[in-house]
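Only one structure is covered here, and it is reproduced in the block below.
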Amino acid sequence: MKNLEKAKKLLEEGSYTFVAVSRNETITSTERGVIPLLDVIENRKNLKGFSVADKVTGKAGAFLYTVIRPDEIFTDVISKPALEVFEENNINVEYNTLTKAIRNRTDTGFCPMETAVKDTSEPLTAISLIREKVKKLNK
């Protein structure tokens with residue numbers, strides 16, 4: 001079984017929100033939102049050689065993927081702005097559902113991460129904005 005297929009299977013069967021599989025290693029997370037991607041940036045810096053399966057990818061997540069650069073990405077749900085980030089950065093992504101934008105968890109508006117990066121097109125600027133928003137939300 002190929003790494004991306006393994007990652008997808010683990011995502012579907014487990015209670016994971018994020019799965020990364022390489023030849024020698026599997027990384028899983030049950031954290032929601034961009035937290036698993038920020039953890040990768042903080043702890044490993046990149047996912048070269050990994051195939052990733054993710055539940056939901058908005059524009060903020062797409063910017064984080066431009067930095068950690070896994071070999072392959074599958075996401076169940078992707079926003080149009082996220083798909084544009086992937087296209088602009090020549091990153092192929094497979095997905096099941098394309099949506100206009102990612103909604104927040106209470107469905108009362110847009111995802112705060114998606115909102116935080118809506119006006120930027122620069123990945124490193126986006127990472128700063130994402131980190132600031134995560135700090136504010138965790139207070």
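The values are calculated or read from the model by the stated rules, or taken from the named source; none is laboratory data. Everything quoted here is computed from the prediction, not taken from an experiment. Note that we place each Cβ from the backbone using ideal geometry, even for glycine, and neighbour counts take in every protein chain shown. Side chains are part of the model used for accessible areas, which takes the heavy atoms of the whole protein and leaves out ligands, DNA and RNA. Shrake-Rupley method; radii C 1.70, N 1.55, O 1.52, S 1.80 Å.
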Would you say Leu10 is closer than 22 Å to Asn138 by Cβ, in a helix (DSSP H, G or I) and in contact (Cβ under 8 Å) with a residue 24 or more places away in the chain? no
Using the structure shown, decide if Thr66 is within 16 Å of Leu37 (Cα to Cα) and among the polar types (S, T, N, Q). yes
Here are Ile41, Ile27, Ile73: which of them is within 24 Å of Asn104 (Cβ to Cβ), assigned to a strand (DSSP E or B) and open to solvent by less than 70 Å² (accessible area, probe 1.4 Å)? Ile73
Have a look at Ile73, Ile35 and point out the one that is out of contact with any Lys or Arg (no Cβ under 9 Å at 6 or more places or on another chain), closer than 19 Å to Glu5 by Cβ and hydrophobic (A, V, I, L, M, F, W, C). Ile73
Examine the range 99-113 for a residue that is at pLDDT 95 or above, in contact with a helix residue (DSSP H, G or I) (Cβ under 7 Å, 6 or more places away or on another chain) and within 27 Å of Lys48 (Cβ to Cβ), and state whether such a residue exists. no
Out of Gly49, Gly61, which single residue is open to solvent by less than 70 Å² (accessible area, probe 1.4 Å) and either in a loop (DSSP other than H, G, I, E, B) or over 22 Å from Asn3 (Cα atoms) (or both)? Gly49
